[in-house]
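The values are calculated or read from the model by the stated rules, or taken from the named source; none is laboratory data. Computed from a predicted structure; not experimentally measured. Here the Cβ is made from the backbone with ideal geometry for all residues, glycine too, and neighbour counts use every protein chain on show. We work out accessible area using only protein heavy atoms, side chains counted, and drop any ligands, DNA or RNA first. Shrake-Rupley method; radii C 1.70, N 1.55, O 1.52, S 1.80 Å.
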Amino acid sequence: SPAPPVPVAGSSPPAGFPDIVLLSIDALRPDRLSCYGNPSPTSPALDELAREGVLFRRVLSQCPTSAPSYMSLLTALMPDVNLVRNLGVGVRQRANSLPAKIATYAELLRANGYFTAAVHGGAELDGSLGFARGFDLFRDSFDHLRLVPGALPADIAAAIGESRARGKPLFLFIHHNYCHDPYVFGPPEIRRRFLRRPVPGLPTGLEGLGKNGADIVKSFWKGIDLSRPDHRDHALQLYDGGVAVADDLFRRLRELLAKEGIYDKALIAVLADHGQEFYEHQSRCHGRLFIEHLRVPLIVKFPGGLFAGREIAETVRLIDLIPTICDWAGLPALPRRQGVSFLPLLAGRGSYRPTLVSYSIDLSRIRLEEGGFSYCWEWDPRHVRLQEHLFDLAADPDEAADLVSARPEAADRLRKRARESRGEKKMYLDWIISDVPRAAAAPSPT
């Protein structure tokens, strides 16, 4: 069945509808930004944005992998409802594309008079998965293998020009991979800026790593042992250089938006799809359900300096960002969504108490926060088995001390809540299930 009609506010957008710019920096850890506490000056431009807007101290992604996380953002539906997977992961090892009945926020904004554009870094934001749906312009031109290091794709300026030529407000979604592994892309003088203690023999740039993406990744990690503190520091220092590359790109974007007369009047949000691990739980990169995989940055600048300088300590969900933007801007909501507005945290009216739940890419694992604890049912690659974990969030925000044996009553309670939360999707799946293949039922927590 086709997607349901998207609510339309009128035949033309009200004058008050703002330009909206979302910049997602793939795999960006918040704690490597200066404004989130990194002692290294990695992010002066983003620090300035935080002073002009709202910095959200604790934000959780709904999946630690790109495609499910981004589709949750763009539909306000959880990964176990939108059913999108990374390329090569899904039913019979095929990626699932977005079911036809589900509308996206790009479709909603276009129906309400916006010119909609996505300029992205390719990889998992593939049009075949449904990401192109609703975008007037959809280009994978932010590819660091093809782009001049440190440059913005010309498609960004083209999107701005097209929105102005059509007399429409702009919804611009930008995505790049400069913080994703391998940590070698970007101008070398920026990427290596924080490499104070290089380990002899470990990579510091693209030299000798190969010519295609897969070879570069494999060659980068060959010989790196993150259990060694010096190797971990080497990788983190290169990663901080990637944060600096991303910050410099934001500086360039800000200059472009200011030149076009957009910056001051636009709503601008900077975020990430998921985090990144550097051996906090004896692994690397992302895909697991520990906090370093799921915690992401979020900085939102509202037009006219509204809420400038605010910091929000309460935990918010990434899935709730666009419903919040629409709530604030007076745009209609999607007809079916799980995301809710966290505008009450800024306005001081109403309540915001969502279920804090995240899923693995194959939906077989789940993480839940409630009552001061985090509980996750996680795959342990060292022992090749599923394993439960329980952490006290106040005493142990980095999830280092597992309490699943010491606090069985808390584990039992959260295990039950995890099972209940899995059932909350039923009303949505009943609506779309006839359009998608049935996946094998995932096991429940023990």
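Do the sum for the chain: with -39,500 (n - 2.57) for every DSSP H run of n ≥ 4, divided by all residues, what is the mean residue ellipticity at 222 nm, to the nearest 500 deg cm²/dmol?
On the way: 13 runs with 127 residues, N = 446.
That comes out to -8500 deg cm²/dmol.
For the chain, what number results from the quotient of the Cα radius of gyration and 2.2 N^0.38 Å? Write down the numbers at each step before the final one.
Working: Rg = 21.1 Å, N = 446, 2.2 N^0.38 = 22.3 Å.
So the Cα radius of gyration is 0.95 times the expected 2.2 N^0.38 Å.
Using a simple spin-label model with points 7 Å from Cα along the Cα→Cβ vector, what separation in nm is obtained for residue 154 and residue 251?
Roughly 2.5 nm, to one decimal.
Using 0.36 nm per residue, how much length does the chain from residue 132 to residue 420 gain when fully extended, once their Cα-Cα distance is taken away? Don't skip to the end; give the middle numbers.
On the way: separation 288, 0.36 × 288 = 103.68 nm, distance 3.31 nm.
Going from the current span to full extension adds 100.4 nm.
Taking the Cβ-Cβ separation of residue 429 and residue 221 as r and a Förster radius of 30 Å, what is the calculated FRET efficiency to the nearest 0.05?
On the way: r = 38 Å, r/R0 = 1.27.
Once rounded, the FRET efficiency stands at 0.20.
Apply the a/c threshold of 1.5 to the C-alpha gyration tensor of segment 245-382 and tell me whether it is rounded, prolate or oblate.
Oblate, since a/c reaches 1.5 and b/c is not below a/b.
Within segment 133-192, report the trypsin sites (Lys or Arg not before Pro) that DSSP leaves as loop and that have at most 10 other Cβ atoms within 10 Å.
Working: sites: 133, 139, 146, 164, 166, 191, 192; in loops: 133, 146, 166, 192.
Here the sparse-neighbourhood loop sites are 146.
Can you list residues whose amide H is under 5 Å from residue 387's amide H, if they're 5+ apart or on another chain and H is modeled 1.01 Å from N?
For residue 387, whose amide H was placed from the backbone, the distant partners under 5 Å are 378, 379, 380.
Using alpha-carbon pairs under 8 Å, 6+ residues apart, how would you state the relative contact order of the chain in percent? Mind showing how you got there, number by number?
On the way: 887 pairs, mean separation 107.8, N = 446.
Relative contact order here is 24 percent.
Could you tell me the number of lysine pairs in the chain with C-alpha atoms less than 19 Å from each other, where the two lysines are 8 or more residues apart or belong to different chains?
9
Using the Cα atoms as the points, what is the convex hull volume per residue of segment 63-165 in Å³? Display every interim value, and only then the final one.
Values: hull volume 10.7 nm³, N = 103.
It comes to 104 Å³ per residue, whole-number rounded.
Might you work out the accessible area of residue 314 for me, using a 1.4 Å probe with all protein chains in place, and round it to the nearest 10 Å²?
100 Å²
Which semi-axis lengths, in whole Å and largest first, follow from the square roots of five times the eigenvalues of the Cα gyration tensor of segment 188-325? Don't jump to the answer; show the numbers that get you there.
On the way: eigenvalues 218, 82, 35 Å².
With the √(5λ) rule applied to segment 188-325, the semi-axes are 33, 20, 13 Å.
Take the Cβ-Cβ distance between residue 165 and residue 405 as r, set R0 to 60 Å, and report the resulting FRET efficiency rounded to the nearest 0.05.
Working: r = 63 Å, r/R0 = 1.06.
Using R0 = 60 Å, I get an efficiency of 0.40.
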